[in-house]
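Below: one structure, written as structure tokens.
The values are calculated or read from the model by the stated rules, or taken from the named source; none is laboratory data. Here the structure is a predicted model, which is why all the values come from computation and not from measurement. Don't worry about glycine lacking a Cβ; one is built from the backbone with ideal geometry, like all the others, and counts go over all protein chains shown.
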Amino acid sequence: MPRGIFGFLGIVFGFLSIEYLSLAESQVLKQVTPVFAATYAGIFLKEPWYCTEFLSALCALVGVIFIARPAPFFVTDVVDTSNRPLGITFALLSAACAAAAYVIIRVLGTKVKVDWPVVMLYQTLALVIVSPLGMLVAPQQLVWLTPKQMSLALLFGLLSFGSQAAMTYGMQREKSATATVVGKALDPICCFLLQIIFQPGDPLFWSTFVGCAIILGGLVLTVVGKVMRSDATEVKSGPISRGGRVTVADTIGSNGTPSQSDDMGYKKLEDT
């Protein structure tokens with residue numbers, strides 16, 4: 001249930017952020033999710049923070065400054081009446097809630113050994129239960145959708161499910177480092193293209209591109225550091241079974257969840 005609640009809050013704050021920010025800016029700000037996840041993991045899971053992760057957090061902070069364009073650092077002649085600080089706050093809250101959901105998924109997958117379809121099912125149930133309560137808090141009234149709106153809502157649901165299924169499939173069959181770089185790099189690029197195609201009237205500032213590059217650069221630092229630590233661990237552990245890397249079947253348990261392995265999917269050699 002906590003995974004579903006944090007997932008619900010991440011979606012809600014994400015929708016609220018695009019009411020005050022452009023699609024590209026909102027998506028770029030959400031790229032700081034790994035920084036929040038690393039912070040939560042260090043506090044609650046006692047996972048160590050490395051130098052590369054600290055540098056990634058600094059890059060995320062600098063990138064957010066470029067995207068937010070606060071008055072002390074940026075001078076503009078355009079009067080901004082879109083309430084950007086509120087939109088930036090919602091985007092960062094969305095990233096923070098999504099990071100909490102990811103940490104919970106990690107605990108469920110590596111320690112509790114819950115099948116990923118079960119995790120997705122509980123998320124759906126939590127959304128169904130919490131959404132009406134959110135309407136009361138907002139407050140909002142229940143309205144009937146038109147046929148066009150219903151079609152768009154169903155299309156959104158299918159795309160969301162396809163995204164979750166593709167992410168799970170890819171994460172189980174590709175190195176976590178490669179999957180992280182590909183996913184996080186393509187997210188803002190796709191949002192830039194979608195905004196240009198469907199929302200050409202929304203402005204794209206040069207500082208948004210600079211902030212995106214800085215944040216993605218910090219994520220690359222984190223991934224490179226993880227790869228270097230994994231290679232060092234493999235060398236110290238010596239040869240592993242089957243004369244090299246283990247297969248996907250070795251890294252995935254019988255219930256579909258990752259087995260006890262390091263971040264790159266190598267099984268550690270047990271003491272004999």
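Starting from the stretch 143-161, take each residue that is on the phi < 0 side of the Ramachandran plot and list its partners that are assigned to a helix (DSSP H, G or I), counting only C-beta distances under 8 angstrom and pairs at least six apart or across chains. These pairs meet every condition: Leu145/Ala153.
Glu53 satisfies every condition listed in (1) touching a Gly at 6+ places or on another chain (Cβ under 8 Å); (2) in a loop (DSSP other than H, G, I, E, B); (3) at pLDDT below 80 except (2). Output yes when any residue across the stretch 122-139 is assigned to a loop (DSSP other than H, G, I, E, B) and among the small types (Gly, Ala, Ser), and no when none is. So far as the stretch 122-139 goes, yes, one or more of its residues are assigned to a loop (DSSP other than H, G, I, E, B) and among the small types (Gly, Ala, Ser). Scan the stretch 9-25 for residues that are assigned to a helix (DSSP H, G or I) and at pLDDT below 85 and the total you get is 3. Could we say that Phe90 is surrounded by fewer than 14 Cβ atoms within 10 Å (Cβ to Cβ) and either modelled with pLDDT under 75 or not aliphatic (A, V, I, L, M) (or both) here? Considered against the rule, which asks whether it is surrounded by fewer than 14 Cβ atoms within 10 Å (Cβ to Cβ) and either modelled with pLDDT under 75 or not aliphatic (A, V, I, L, M) (or both), Phe90 comes out as no.
From the residues in the stretch 95-121 that are of a type in the set (D, E, K, R) and in a helix (DSSP H, G or I), which one is nearest to Ala165 (Cα to Cα)?
Filtering the stretch 95-121 for residues of a type in the set (D, E, K, R) gives 106, 111, 113, 115.
Narrowing the set further to residues that are in a helix (DSSP H, G or I) leaves 106, 111.
Numbers: Arg106: 16, Lys111: 22 Å.
This residue is Arg106.
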